[in-house]
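To start, the structure itself, in structure tokens.
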Amino acid sequence: MHDIADALLLWRSDNKIPGLWQQPPCMVGATLDDAWGLGIELILKYARVLGMKTRFLGTLLPWAQIVAACQDIRPDYLGLTVLQLDSEDDLALLRTRVPGDVQIIAGGPAFRFDDELQARVGIDHVAKDLAAFLQFFLQP
């Protein structure tokens, strides 16, 4: 998937193809409980393929650090990867303190294992895989 994204980014650059937006939105990405960050890395790369500005905040970040970054950067979207179900309290705190105009798009095993987690913590959109992430931005 990374190779395909890299090829798409190169193709867009070589052909001077803009992204989907005249004013590209900004997405920041982080993980609460994932030390590797492969999922969020892939999501941010495909956000760049779509034409977004992106910024990787880090892995295993405390919710308060993610909130502070969102308050400073004021992105349009916050991408999160959540592996563990015991991150629910942190997710709920994060949602109540991230500026309301920042949409949170989350994915990871926690959302696949618990279909009601999204509603309980107030996540705006769950992308269970890369296809769902892309579909969210490509739907009319």
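The values are calculated or read from the model by the stated rules, or taken from the named source; none is laboratory data. Predicted model only: the values in this text are computed from it and were never measured. All Cβ positions, even for glycine, are placed from backbone atoms using ideal geometry, and neighbour counts span all protein chains on display.
Here are a few things to note about the model shown:
- Residue 98 meets all of the listed conditions (1) more than 20 Å from residue 5 (Cβ to Cβ); (2) more than 14 Å from the chain's Cα centre (by Cα) but one, namely (2).
- Among (1) over 24 Å from residue 118 (Cα atoms); (2) of a type in the set (Val, Ile, Thr); (3) touching a Lys or Arg at 6+ places or on another chain (Cβ under 7 Å), the one test that residue 17 misses: (3)
- Any pair with Cβ under 9 angstrom, 6 or more apart, that starts in segment 97-116 at a residue that is assigned to a loop (DSSP other than H, G, I, E, B) and ends at one that is among the basic types (Lys, Arg): 99/74; 101/74; 102/74; 108/128; 114/120
- Looking across segment 99-126, the residues that are farther than 19 Å from residue 39 by Cα and surrounded by 13 or more Cβ atoms within 10 Å (Cβ to Cβ) come down to 102, 121, 122.
- The residues in segment 57-72 that are in contact with a strand residue (DSSP E or B) (Cβ under 9 Å, 6 or more places away or on another chain) and crowded, with 17+ Cβ neighbours inside 10 Å can be counted, and the count is 6.
- Extreme residue, nearest to residue 60 (Cα to Cα), among residues of segment 24-41 that are part of a loop (DSSP other than H, G, I, E, B) and modelled with pLDDT of 95 or more: 25
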